[in-house]
Amino acid sequence: MPKKVKKRHLLNYSILIPYLILCILGLIMVYSSSSYLLLENGSSPSASFFNQSLFWGVSLVAIGLLYKMKTSVLKNQRLIMAAIAVLTILLLIVLFFGKEINGAKGWLQIAGFSLQPAEYLKIIVIWYLALTLSKRQRSVQKDFVSTVKRPLLLVLALTALVAILPDFGNATVIFLIILVLLLASGINYVYTLIVGGGGVGLSALAIWLINITHGKIFPGRLQYIYNRFAIYQNPFSDELNKGHQLANGYYAMFNGGLFGRGLGNSIQKKGFLNEAQTDFIYAIVVEELGVIMGILILALLFFMIVRIFLVGIRSKDPFNSLLCIGIGAMFMIQIFINLGGITGVIPLTGITFPFLSQGGSSLLMLSICVGFVLNISADEKRKSLGLY
């Protein structure tokens, strides 16, 4: 067997091909779900499609650069700390000068494009914890609290900063990612039971407090959070007001049936379902393409996520393993929160559906994650084959 093999021959197509299919489908659905209202408002019907396409082009370049990069670069402590510093500054700028959309102040306007720093914080947190915990494998098992205290305080402070914006959806995703990485770091199972039991208990307590106080524990500008809790189980009780968005999401999925109304033929996107191209893109997918196509999309996503987890599980390098597990977990968390919100299982949070929803920052962040995994997969494959 040859000792030198070009890196492109080690490319993991079981991750790359699903990614490309999902992104192309996402571009089609962004155009379909946004073009009608853009045209009604006198704008170009392809404006959102063009913006998303531009970000996808940047994403493909980013994947290429990350794939060519040596994995040793990813383990550079100074590089990750510099990234954390930049993200912290951007979050502070957003806090004081950011654009508020739907109650959350999370966007920066740069040269006509919106940038959402909280999206990039997800991969930064995964990257930082994977590097930190992989260097402290032995001490994590011996003295977990002392080992993780400082890095944990740092990432929790960043999560709190996102929550203050307020952007509770992304703060929740980041917090759950932190829990997954801590539990995957090799800690004693007792801590797993404590974290799991404590999480369920605190969640139940929070929901109970919100219900008995009718949301009065939230300041006035955060009252919308209670409204989401109050309405998510039965949006039809206030269909024209608080439950409007969720009820119309149900109508969209019901309209689709098994095979859908046909691409471009959604009824709910025509002013009934606000922001159909973002949080509720999956409802429009089901309405236009049908339940069967919706299931196939989920199957493709889960296949890609399983392949990412397998790269992490099979990795001999703790850093590679934790990074892939964190990325796979993030994909799963976002899918659960998005689908849970639009189906009424949990309150709406404003989290986008991976790869399909409009959102340049989200698409670029997810693509960077894919680039990391493809690089690690090639690195691990090279090691297993004894190549250099």
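The values are calculated or read from the model by the stated rules, or taken from the named source; none is laboratory data. Bear in mind that the values here come from a model prediction, so they are computed numbers and not experimental data. Here Cβ is always computed from backbone atoms with ideal geometry, including for glycine, and neighbour counts include all displayed protein chains. Areas reflect the complete protein model, heavy atoms only, side chains present, ligands, DNA and RNA absent. Shrake-Rupley method; radii C 1.70, N 1.55, O 1.52, S 1.80 Å.
With a cut-off of 8 Å between alpha carbons and a minimum separation of six or more residues, what is the relative contact order of segment 318-384 in percent?
23 percent
Once you list every other residue whose beta carbon is under 13 Å from the beta carbon of Val155, what net charge do they have if Lys and Arg are +1 and Asp and Glu are -1?
With Lys, Arg at +1 and Asp, Glu at -1, the neighbours total +3.
Comparing Leu323, Leu298, Leu91, which has the greatest mean-square fluctuation in the GNM of the chain with Cα pairs linked when under 10 Å apart?
Of Leu323, Leu298, Leu91, the Gaussian network model singles out Leu298 as fluctuating most.
Accessible area per residue of the chain at 1.4 Å probe, in Å²?
Dividing the accessible area of the chain by its residue count gives 47 Å².
Please report Rg over Rh for the chain, where both radii come from the alpha carbon positions and Rh follows the Kirkwood definition.
0.97
When the dipole is taken about the Cα centre of the chain, and only Lys, Arg (+1) and Asp, Glu (-1) are charged at their Cβ, what size is it in debye, to the nearest 20?
1920 debye
Using 0.36 nm times the number of residues separating Tyr36 and Ala206, minus their current alpha carbon distance, what extension gain do you get?
Length gained, Tyr36 through Ala206: 57.2 nm.
Under a GNM of the chain (C-alpha, springs under 10 Å), which listed residue has the highest mean-square fluctuation: Ala118, Ala204, Ala252?
With Cα springs under 10 Å in the chain, the top fluctuation among Ala118, Ala204, Ala252 is at Ala204.
For the charge dipole of segment 7-385, defined by +1 on Lys and Arg C-beta atoms and -1 on Asp and Glu C-beta atoms about the Cα centroid, which residue among Cys324, Ala252, Asn338 has the Cα displaced farthest towards the positive pole?
Selected residue: Cys324.
Highest first, please rank the peptides 375-381, 180-186, 155-161 by the mean number of other Cβ atoms sitting within 10 Å of their residues.
In descending order of packing, they fall as 375-381, 180-186, 155-161.
Order the following by accessible area, largest value first: Leu27, Leu310. Probe radius 1.4 Å; ligands, DNA and RNA are ignored.
The most accessible residue leads, giving Leu310, Leu27.
So what is the relative contact order of the chain, in percent, for Cα pairs below 8 Å that sit 6 or more residues apart?
28 percent
Say we join alpha carbon atoms closer than 10 Å with springs in a Gaussian network model of the chain; which of Leu90, Leu115, Leu153 then has the biggest fluctuation?
Leu153
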